[in-house]
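Presented below is the structure to which this report refers.
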Amino acid sequence: MDDKIQTVLNLYHERMQQERSQPRVEAPGGRDGGHDQRMRSIGPETGQLLNILAKSLKSPTILELGTSFGYSGIWLAEAARAAGGKLITMELHDYKSAYAQHMAQQAGVADWIDFRVGDAVQMIDELNEKVDFVFVDLWKDLYVPCLKAFYPRLKPGAIIVADNMIRPGTEDVKRYGQAIRALPDIASVLLPVGTGIEVSRLETE
């Protein structure tokens, strides 16, 4: 990681530490009310693993489902830059996407990111290209609908990573784990990294 990226990651780490040291407060309007300021970000261990996996691919088109405030996107965009690829990141709320764009500019990786705002399933359906890497980290009831949407758009050898598979380990993520393992030509393993990640790969032709 170069100095610009490390500086931005450190800013995120400070915000994470502050968030975790304070009591949780439910955002006004609920999860989709547009006032949620909690990051709920992956940690640096998960970020580094995403970075390593994405860098293993040549000129990858990376799809991130759930931009949030942009922390994981920094790790993925650095990988896209290093591997000659690009990141498409999708977020429901424009204020989160705007914050992520600002941080990406500070980190010097904004040119490798295509920020999109709206309904994830709909935006996946509108993709006109195949993808090499998918990171799934949005509302858990959307995991399976998103899987159904992006599965036909995976290139042979594509890698899929889903977060929060052990914690909170809800019924929604369990259904995702069952659904992705039921797909043909998919190899999948659950890893105790961060809050638990399911790492899957579509076989090459």
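When Glu45 is tested against the conditions (1) of a type in the set (D, E, K, R); (2) open to solvent by 10 Å² or more (accessible area, probe 1.4 Å); (3) within 21 Å of Leu142 (Cα to Cα), the lone failure is (3). Pairs linking a residue in the range 174-203 that is of a type outside the set (Asp, Glu) to a residue that is part of a helix (DSSP H, G or I) and open to solvent by 40 Å² or more (accessible area, probe 1.4 Å), with Cβ atoms under 7 Å and 6 or more positions apart or on different chains, are Leu183/Tyr151; Ser188/Arg181; Val193/Glu45; Val193/Leu49; Gly194/Glu45. Taken over the range 49-83, the criterion of being out of contact with any Lys or Arg (no Cβ under 7 Å at 6 or more places or on another chain), open to solvent by 30 Å² or more (accessible area, probe 1.4 Å) and among the small types (Gly, Ala, Ser) is satisfied by Ser56, Ser59.
Among the residues of the range 134-145, is there at least one that is of a type in the set (Ser, Thr, Tyr), part of a helix (DSSP H, G or I) and open to solvent by 60 Å² or more (accessible area, probe 1.4 Å)? Before you say what the answer is, go through the steps one by one.
Restricting attention to the range 134-145, the residues satisfying the condition of being of a type in the set (Ser, Thr, Tyr) are 143.
From what's left, part of a helix (DSSP H, G or I): 143.
Applying the additional criterion that residues be open to solvent by 60 Å² or more (accessible area, probe 1.4 Å) yields none.
No, every residue in the range 134-145 fails to be of a type in the set (Ser, Thr, Tyr), part of a helix (DSSP H, G or I) and open to solvent by 60 Å² or more (accessible area, probe 1.4 Å).
Condition first: in contact (Cβ under 8 Å) with a residue 12 or more places away in the chain, of a type in the set (D, E, K, R) and farther than 20 Å from Asp141 by Cα. Can you find one or more residues in the range 55-65 that meet it? Looking through the range 55-65, at least one residue is in contact (Cβ under 8 Å) with a residue 12 or more places away in the chain, of a type in the set (D, E, K, R) and farther than 20 Å from Asp141 by Cα.
The values are calculated or read from the model by the stated rules, or taken from the named source; none is laboratory data. Since the model is a prediction, treat every value here as computed from it, not as a measurement. For neighbour counting, all protein chains shown are included, and Cβ atoms are generated from backbone atoms with ideal geometry for every residue, glycine included. Areas reflect the complete protein model, heavy atoms only, side chains present, ligands, DNA and RNA absent. Shrake-Rupley method; radii C 1.70, N 1.55, O 1.52, S 1.80 Å.
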